[in-house]
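For reference, the structure is listed below as structure tokens.
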Amino acid sequence: MLARVLAIAALVVVSSVAAAEEASTYHDLLLEYRCPVVDRLQQIYASTDRSDPQNWFLIISFAARPHDYAQCVFDTLTRMFCEASSGFYDDVEGVPRSRWLPASAVAALGRLGFSTDDSQGNFQIWFDVAEPPDFNAIADFTLKALHDGYGARAGVTLVFNAPLAPQPSLKCVPVS
């Protein structure tokens, strides 16, 4: 009985340590990348170029793994659509699919609210956006998807694609 109690206690301690390390790596990622993401989201939202809604997006990918990405687009000023790459579009049309995310990554994205069916495309989520938007929350959500689903950590080079915000203005205050 005592051995069982000790085994359960050890499991709780190991799980707690792992959760603390995971929270720390996410916090470090926020320290490095929240400002650039928030800044670009603000630029996109504030853009006076409303003629082409196709440009209201931000894609964040890994420099070393461009097929791993999260992207969000303002559908309107109060609605957003986000996708996390599934591997579905990695190959050209007509070529059998060659990459699927591990089940643990799909589950992590599912916990964030993304669809988990990648049989027809990427993992997706729609949500309402407050007016004015909480850009920090949107940035945190996108970075959490990259962290939990694809292993993004501080020190990894992330690349930004945003036609309405090609360069950072660096106006935001870093996370503490």
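The values are calculated or read from the model by the stated rules, or taken from the named source; none is laboratory data. Bear in mind that the values here come from a model prediction, so they are computed numbers and not experimental data. Heads up, the Cβs are rebuilt from the backbone with ideal geometry, glycines too, and the neighbour counts pull from every protein chain shown.
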Would you mind listing the strands (runs of 3 or more DSSP E) fully within the stretch 24-125 where at least 1 residues are under 21 Å from P163 (Cβ atoms) and polar (S, T, N, Q)? 57-62, 69-76
Within the stretch 49-103, count every residue that is free of Cβ contacts under 8 Å to residues at least 24 places away in the same chain, among the aliphatic types (A, V, I, L, M) and within 12 Å of Y150 (Cα to Cα). 1
Could you run through the stretch 114-158 and say how many residues are surrounded by 13 or more Cβ atoms within 10 Å (Cβ to Cβ), over 12 Å from the mean Cα position of the chain (by Cα) and within 14 Å of P36 (Cβ to Cβ)? 4
Top-ranked residue in the stretch 159-173 [being surrounded by 10 or more Cβ atoms within 10 Å (Cβ to Cβ) and either touching an Asp or Glu at 6+ places or on another chain (Cβ under 9 Å) or charged (D, E, K, R) (or both); ranked as modelled with the lowest pLDDT]: C172
Among (1) under 30 Å from P168 (Cα atoms); (2) under 17 Å from the mean Cα position of the chain (by Cα); (3) of a type outside the set (D, E, K, R), N55 falls short only on (2)
